[in-house]
Amino acid sequence: MEPECGVERHIAGVRFRDGDLERVGRRQGATALVETLAASSVETLPGDYPLDMMLHPSVCAGDKGLAVMKTLVRRFHRNGGSVIQFTVFSPEELRDAQAHPEKYENLQVRVCGWNVRWNDLARAEQDAYIRRAENVAQG
């Protein structure tokens, strides 16, 4: 059974719908998103609010990127979060996957908490995912 997208949740006194959270992260940064969720009451969120977070590859690059990832995971877990999952793509990589699907047969992306093969997404869904990656890249 596939998840119901657009589920409304209340986090730290703010009303969100699934898919809104990356917009919070885009405006305030990944750490602010993790801190907001971690400060919320896990008892009010279904499944301990698994967090899907999209990051640009430049954020994760090298030793500094590894330190950023460790900080995000540690803060999330230290403050009561249970599951955090990262999707790391650049818009350019996704555009290439769209243009050359044969090179990306095993590429998977997170959609509403589920892994989905990129090549199985409709073109419109791929375009929407690319726009989301562009928003993340713009910071």
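The values are calculated or read from the model by the stated rules, or taken from the named source; none is laboratory data. Small disclaimer: the values here were computed from a predicted structure and weren't measured. All Cβ positions, even for glycine, are placed from backbone atoms using ideal geometry, and neighbour counts span all protein chains on display.
Note on the stretch 83-139: among residues that are of a type in the set (Ser, Thr, Tyr) and at pLDDT 85 or above, the one that is nearest to Gly65 (Cα to Cα) is Ser90. Flag not set for Met54, criterion: modelled with pLDDT of 85 or more, within 18 Å of Val34 (Cβ to Cβ), of a type outside the set (Val, Ile, Thr) and surrounded by 15 or more Cβ atoms within 10 Å (Cβ to Cβ). Tallying residues that are surrounded by 14 or more Cβ atoms within 10 Å (Cβ to Cβ), in a helix (DSSP H, G or I) and among the hydrophobic types (A, V, I, L, M, F, W, C) within the stretch 101-127 yields 1. Kindly check whether there is at least one residue in the stretch 67-88 that is touching a residue at least 40 places away in the same chain (Cβ under 8 Å), outside any helix (DSSP H, G or I), under 15 Å from the mean Cα position of the chain (by Cα) and closer than 15 Å to Arg131 by Cα. Within the stretch 67-88, not a single residue is touching a residue at least 40 places away in the same chain (Cβ under 8 Å), outside any helix (DSSP H, G or I), under 15 Å from the mean Cα position of the chain (by Cα) and closer than 15 Å to Arg131 by Cα.
Taking the criterion of being among the hydrophobic types (A, V, I, L, M, F, W, C), touching a residue at least 60 places away in the same chain (Cβ under 8 Å) and in contact with a helix residue (DSSP H, G or I) (Cβ under 7 Å, 6 or more places away or on another chain), the residues of the stretch 89-139 that qualify are Ala133, Val136, Ala137.
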